[in-house]
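Asks: Got a structure for you, questions after.
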Amino acid sequence: MSTITKKGQVTIPKPFRETLQIKEGDSLMFEMKDGMLILKKKERKSILNLGGIARGRKVGVGDEREFTKKVVAKRVAKEGLKGG
């Protein structure tokens, strides 16, 4: 059981944090369903998630490198990049 603070914050009990592997800095998503609040952990993004983004493109090596740089830069700007 947790109590909500003046700022609307609540502590997630340690057994739940451990089970969901929630750590400081993790992002959580909230969802309402049938009058219940559902809490979900948002997976961290890693540079490893970007593998294969240029697959199928028929361009030279230099062009692929520039394409990859642009895609990576857009994703990092949009989603951020956290160690994970």
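The values are calculated or read from the model by the stated rules, or taken from the named source; none is laboratory data. Model, not experiment: these values are computed from the prediction. Here the Cβ positions follow ideal geometry from the backbone for every residue, glycine too, while neighbour counts run over all protein chains shown. Remember, those area values only see protein heavy atoms, side chains included, never the ligands or the DNA or RNA. Shrake-Rupley method; radii C 1.70, N 1.55, O 1.52, S 1.80 Å.
Asks: So for the pair GLU24, ALA77, with labels modelled 7 Å out along Cα→Cβ, what separation do we get in nm?
Replies: 3.2
Asks: Still on this structure, I have one more. Sorted by accessible area with a 1.4 angstrom probe, largest first, how do LEU37, LEU20, LEU28 fall?
Replies: Per-residue accessible area, sorted high to low, gives LEU37, LEU20, LEU28.
Asks: Same structure again: Under 5 Å between amide hydrogens, which residues at least 5 positions from SER27 or on another chain qualify, with H placed 1.01 Å from N in the peptide plane?
Replies: LYS42
Asks: May I ask which of LYS41/LYS78; LYS6/LYS40; LYS23/LYS78; LYS14/LYS69 have a Cα-Cα span longer than 30 Å here?
Replies: Flagged as over cut-off: LYS14/LYS69.
Asks: Could you list the GluC sites (Glu not before Pro) in the range 1-46 that lie in coil according to DSSP, counting only those with at most 13 other Cβ atoms within 10 Å of their Cβ?
Replies: When the GluC sites (Glu not before Pro) of the range 1-46 are filtered for loop state and at most 13 Cβ neighbours within 10 Å, GLU24, GLU43 remain.
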